[in-house]
Structure formats: structure tokens, C-alpha cells
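Below you'll find the structure, written out as C-alpha cells, and then a few comments.
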Amino acid sequence: MKFDFTFYNPTKIYFGRDALQNLEQELSRYGDNILLVYGGGSIKRIGLYDQVVDILHKCHKNIFELSGVMPNPLYTKMMEGADLVRKHSIDLILAVGGGSVIDLAKGVSVSAYSKEEPFEKYWLSQKPIDNRIVPVASILTMVGTGSEMNGGSVITHSDKKLKVGRVFPAEVYPKFSILNPEYTFSVPLYQMKSGIFDILSHLMEQYFSGDDDNVSDDLIESLIRSLIKNTKKAIANPLDYEARSNIMWISTLALNTLVGCSKEQDWEVHGIEHQISAFTDCAHGMGLAAISVPYYQCIYKDGLAKFKRFAIEVFGVGTQNLTDEEVAIKGLEALKQFIAESGMVLSIKDLGVKESMIHDIAYSCRLGGAYKKITHEDIVDILTKSYFNNY
Ligand code: NZQ
Ligand code: ZN
């Protein structure tokens, strides 16, 4: 292990039932023109839209709106936002919603003043930012992505059938994010579970790389154990404030770059899922749930010591009279059982994938991985196992 890294995360987090009280004071740092970005209407149904607009009025802000941001946000929608930013000389982009809304807000921020076509420049070619950007802030209503405290922005280009992630540097991170676990009470159970598996996948994809004695791995195991415990509580009672709070904060910690320090990281499960989403528009976390076990079955032999450790530390698998490989396999069985018991998706068939799509999805994926550099044929195999749920 190198232990060579830079950790810098400038997002200020306001957490708790009264966190929205801090909005007024934060707004005083920015100019008058606010672009309010939100999704399909959930923030109106829970009364949050009215509360935010009241505060903006009280602060004498001019409000411009970009509504209807869809899950798996589209490039065309992002460019609508970029036009609004230029037209109204926007001073702050305030994203109110889940990961899709926040991801899109970051995309708008970097794209509004770009002279080159932004998707090619920032997502496909991953070029450094060379134009003016507009500050982003967020009020989070659905947990999972960590977008409230990172530079991630995943945008779908439907014409190209590509869903591509970009991790922008610290200046694009939200300046502040408001996290009130009560906002998540209204998230439908399916979405809640999807977000929870997203968190788990973020943790596992950083964990399954490197075999050294690394404090990041100790942190990840602890976060996963807590996530599993609180998931059971939240499924039993979605209004359990303590459980929803723990899940919300674990979600932020899972992808605010902290536990990735000095880790190589894998991210192939995410790469494959993004293409499943590009073809089906499925919920991100459910796509991850449907392929994770077959993916790890494909790579575990190349990282056996770590998969054994995962089985013992996360799922409490006993080791007596078992080989390392048998312990590792039991860990993956326990992971599958957690997915099944939690009511998450085990097969991509349940996400709208047709057997005839498997080849095209697999060959549209970028290749990566940590313990094992996987091939397009490996991905065909993973998707086929998931499709027939025979793993
Ligand atoms: O559009 P509305 O009406 O708001 O409904 C949303 C949406 O339909 C609903 N929802 C959100 N908060 C709610 C609520 N419904 C009721 N009550 C509430 N309080 O939930 C649905 C899904 O929202 P979405 O924002 O799409 O979910 P999520 O937070 O899972 O975001 C997924 C997107 O983030 C990307 C994913 O690929 C996907 O495009 N990711 C972003 C990452 C990052 N920035 O670092 C990393 C992740 O790995 C991920 O790839
Ligand atoms: Zn994710």
C-alpha cells in the first residue's frame, strides 16, 4: 500500500431535523439569481418546495426553475439548465432532490459556459475544466449516491445509448448540503432499497482492491455492518428516524472520498450497471444488486484473502474446517441472501433487460476492475447468470 493521497472535501454539511434553518444564512453568500433544480414533483408533495421558496423570497432572491429532472438524468435536460444559467446570469444552482437532481446540477454548472460541446468534453474525453463554473448547493431528499458531498455527475446521452460518470474536482462539489432524514420518509420502499444497495456497492467497490492492512478497509467493514443493521430496522419501520439518519450519514461517508483514501478501487459493477441503465432506465441501485454477486463470483479467486475477510468481518461466517475458498463463497452466499431478504432485485430480467440485449449491453461497457481485469466475455457471463438467476 502506498498511503499516498490528498484528501480535500470542501462541502459543508448541515444534518438533522432543523438543518433547513441554515439555508437563509448560506444564501447571503451568493448573488440574487438562483436556479432551483428539482425532479418530478416529490418535493412539492412533501411540502419542501414551499418551504424553500419561502426562504428564497425572504432573502429577496430571484427564482428561476428547472423542474422535471428525471432519474438517470438526460443530457438534453442538462443543456436546458445550461441555457437558463446563461440567460439569467445565475449565481447559485440549488438542487433539491436525489442524486439525479444533484448530478444534473453539477453538469449544468460546468457546461453553461463551456465553448466545446460538454458531453464530449467533460464526460467522454474527461478533459479538465477550463471555463467558468457556477456554485452548486443541495438539499437532499433521497439517499444513496453520495452526490451531496462529492464531485460525481452521471449523465445519460440517450442518442448515444451511453450513461457516463465523471468525477469533478472539489470546486464543483456542493458548497453546502442540507440533510434532514425526515425528507427521506416519503421515498417509496423500492427506491429506498435501491439507494441502500447503491451505498453497499460504493463501499464494496472500494473495499475489494488491495490486500494490505489499510484503515480504509476497517472503516468500510464497520460502515457495512451498520448499514445492514439499520437497513433491517428501516425496512421494518420506514419512519424510524434513527435508522434513516444512520443510513443517510453512512451514504454520505461511503462516497465522499474518505474511505477511498489509498485504495485502488474497482468500480466495474458501476460501469456495467450504468450501461444496464442506459438500455433500460432502471433504478441505479437495483441494477447494482442484480449483478453484484455474479460479478464477485467472477473475481473472488483473484482476491481470495479479501473475500475471506469480508465473509468473516461483515457476515460473521465461521471458518472451522473450511478452506479459504469455502469461507469466501459463504460470504457471497450471505450477500445474496441479504439482497433476497431485503427485497432487492436479483435478476436483470426484473429490470426490463431482454436476453437479446445482453450482448449489446456487455460490449458497450468500458473495461476496468481491480483484482481482475475483466473482459467483455466475462460481462456477458455475469449478465447471463443474473438474467437466469442461476448463481
Ligand atoms: O423526481 P422526483 O419526483 O423527485 O422523484 C424521485 C425519483 O423518481 C424520487 N424521490 C426522491 N426523493 C424523494 C422521492 N420520492 C418521494 N420522496 C422523496 N423524498 O426518487 C426517484 C429516484 O431519484 P434519483 O435522484 O434518480 O435517485 P438516486 O439518488 O438514486 O440517484 C440516481 C442517479 O445518481 C447516479 C446514478 O447513476 C443515477 O443516475 N449516481 C451518482 C453518483 C455520484 N454523484 O457520485 C454515484 C452513484 O454511483 C450513481 O451512479
Ligand atoms: Zn452508485
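How much length would be gained if the chain were fully extended between Lys58 and Gln21, taking 0.36 nm per residue of separation minus their Cα-Cα distance, in nm to one decimal?
Fully extending the segment from Lys58 to Gln21 adds 12.1 nm.
Compute the helix-to-body angle for 189-207: its Cα long axis versus the longest principal axis of the chain, expressed 0 to 90° and rounded to tens.
Taking Cα atoms only, the helix is inclined about 70 degrees.
Percent of alpha carbon pairs in segment 223-355 separated by more than 27 Å?
25 percent
Each label point is 7 Å from the Cα along the Cα-to-Cβ direction; what then is the distance between the points at Lys127 and Ala236, in nm?
5.5 nm
Could you state, as a whole-number percent, how many of the C-alpha pairs of the chain are farther apart than 35 Å?
Distances greater than 35 Å cover 24 percent of the Cα pairs.
Return, ordered by residue number, the residues of segment 66-83 whose backbone nitrogen is under 19 Å from a label point located 7 Å along Cα→Cβ of Lys161.
72-76
Could you state the number of Å between the C-alpha centres of segment 226-263 and segment 21-87?
26 Å
Hey, fewest Cβ within 10 Å first, where do Lys372, Lys87 land in order?
Ordered from fewest to most neighbouring Cβ atoms within 10 Å, Lys372, Lys87 come out as Lys87, Lys372.
Hey, with R₀ at 35 Å, roughly what FRET efficiency would Ser356 and Leu304 work out to, going by the Cβ-Cβ distance, to 0.05?
After rounding, the FRET efficiency stands at 0.50.
Can you tell which of Pro128, Pro71, Pro174 shows the greatest fluctuation in a Gaussian network model of the chain with Cα springs below 10 Å?
Of the options given, Pro128 has the highest mean-square fluctuation.
Anyone know which of Ser177, Ser138, Ser262 comes out most mobile in the 10 Å Cα GNM of the chain?
Its mean-square fluctuation being the largest, the pick is Ser262.
With springs connecting C-alpha atoms under 10 Å apart, model the chain as a Gaussian network and identify which of Asp381, Asp240, Asp212 has the largest mean-square fluctuation.
So, out of Asp381, Asp240, Asp212, the one fluctuating most is Asp212.
Run the quick spin-label model on Glu325 and Glu80: label points 7 Å from Cα toward the beta carbon, then report their separation in nm to one decimal.
Placing both labels 7 Å along Cα→Cβ, they lie 5.4 nm apart.
So what's the angle, to the nearest 10 degrees on a 0 to 90 scale, between helix 304-315 and the longest Cα principal axis of the chain?
Around 70 degrees separate the two axes.
Ranking request for peptides 322-335, 279-292: highest mean number of other beta-carbon atoms within 10 Å first, then the rest in descending order.
So the peptides 322-335, 279-292, ranked by packing, come out 279-292, 322-335.
At 0.36 nm per residue, and after removing the present C-alpha to C-alpha distance, how many nm does the segment from Ala340 to Lys44 gain when stretched out fully?
Values: separation 296, 0.36 × 296 = 106.56 nm, distance 3.30 nm.
Here the answer is 103.3 nm.
Is it possible to state the helix-based mean residue ellipticity at 222 nm for the chain, with each DSSP H run of 4+ residues giving -39500 (n - 2.57), the sum divided by total residues, to the nearest 500 deg cm²/dmol? What is it?
Taken over the chain, the calculation gives -14500 deg cm²/dmol.
Mark the label point 7 Å from the Cα of Ser67 along Cα→Cβ and return the residues of segment 91-106 whose backbone N is within less than 11 Å of it.
What the label zone holds, given the 11 Å backbone N cut-off, is no residue at all.
Let me know the Rg and Dmax you get for segment 175-287 when you use only its Cα atoms, in Å.
Taking only Cα atoms of segment 175-287, I get Rg and Dmax of 14.6, 41 Å.
Quick check: residue separation of Ser89 and Glu377 times 0.36 nm, minus the Cα distance between them. What number comes out in nm? Write down the numbers at each step before the final one.
Numbers: separation 288, 0.36 × 288 = 103.68 nm, distance 4.88 nm.
The Ser89-Glu377 span can extend by a further 98.8 nm.
Nearest 10 degrees is fine. How inclined is helix 376-388 to the longest principal axis of the chain, computing both from alpha carbons?
Relative to the chain, helix 376-388 is tipped by roughly 90 degrees.
A short reminder: the numbers here are calculations on the coordinates, not readings from a lab. As the structure is a computational prediction, the values presented were derived from the model and not from experiment. So basically every Cβ, Gly included, is an ideal-geometry build from the backbone, and we count neighbours across all protein chains shown.
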